[in-house]
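Below: one structure, written as structure tokens.
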Amino acid sequence: MENHQLDSMDEQILSMLIRNARTPFLEIARACGVSGTAIHQRVQRLTSLGIIQGTEYKIDPARIGYDTCAFVGLRINENADLRKIVETLRDVPEVAEVHCTGEEYDLLVKLYAHDNSHLFELIHAKLRPLGLTQTKVIVSLRMMVDKQPGLFPMKTPQ
């Protein structure tokens, strides 16, 4: 993956958009001391480079009935097709994220369930049949931090 050099204006634009993706370009322009057109062009460039990857609404799963968040480590049978498993997981509506790891488990899956009974059903009906040798479930009691990585200081080139 290619890294791109960001200047201080790029960092300021990203910081403002991370805090609120709906911030008007003119407000960002005033903060940066440039024209709205300059901000629009910068955002277009950051988007074309893949640094900005769309805008989306963030939904609170608990407010729509998904009160349980869990992380499930999956150890996959060595004969199983990883790509097929990932595609199957992509189609499970309750699955929010799937990460490939180099640790004890091959995949780490973040999912949301209505409650513990629903979580149990998801694990046994949707995950176990995928060709797994082991699972480990960690239930999140409460999310303590949720942010995009751009909110901490950007790495500066040496």
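The values are calculated or read from the model by the stated rules, or taken from the named source; none is laboratory data. All of these numbers come straight from a predicted model, not from anything done at the bench. Quick reminder, even Gly has a Cβ in these numbers, built from the backbone with ideal geometry, and neighbours come from all protein chains shown.
Being in a loop (DSSP other than H, G, I, E, B), hydrophobic (A, V, I, L, M, F, W, C) and modelled with pLDDT under 90 is the filter here, so list the residues in the stretch 1-38 that pass it. Hits for the stretch 1-38 are Met1, Leu6, Ala21. Does Gly102 satisfy being on the phi > 0 side of the Ramachandran plot and of a type outside the set (A, V, I, L, M, F, W, C)? Criteria not met by Gly102.
Contact map, the stretch 117-143: residues that are among the charged types (D, E, K, R) paired with residues that are surrounded by fewer than 12 Cβ atoms within 10 Å (Cβ to Cβ), Cβ distance under 9 Å, separation 6+ or inter-chain. Pairs shown: Lys136/Glu104. Residue selection: Leu107 fails the criterion of being at pLDDT below 95 and over 30 Å from Gln5 (Cα atoms). Taking (1) touching a Gly at 6+ places or on another chain (Cβ under 9 Å); (2) within 28 Å of Met16 (Cα to Cα) in turn, Asn79 satisfies each apart from (2). Close contacts from the stretch 78-94, counting a first residue that is in contact (Cβ under 8 Å) with a residue 40 or more places away in the chain and a second that is surrounded by 14 or more Cβ atoms within 10 Å (Cβ to Cβ) and not aromatic (Phe, Trp, Tyr), with Cβ to Cβ under 6 Å and a gap of 6+ residues or different chains, come to Ala80/Gly131; Ile85/Leu130; Leu89/Val95; Leu89/Val98. So, Gly65, is that one of a type outside the set (A, V, I, L, M, F, W, C), surrounded by 12 or more Cβ atoms within 10 Å (Cβ to Cβ) and within 30 Å of Glu121 (Cβ to Cβ) or not? So Gly65 does not fit the description; no.
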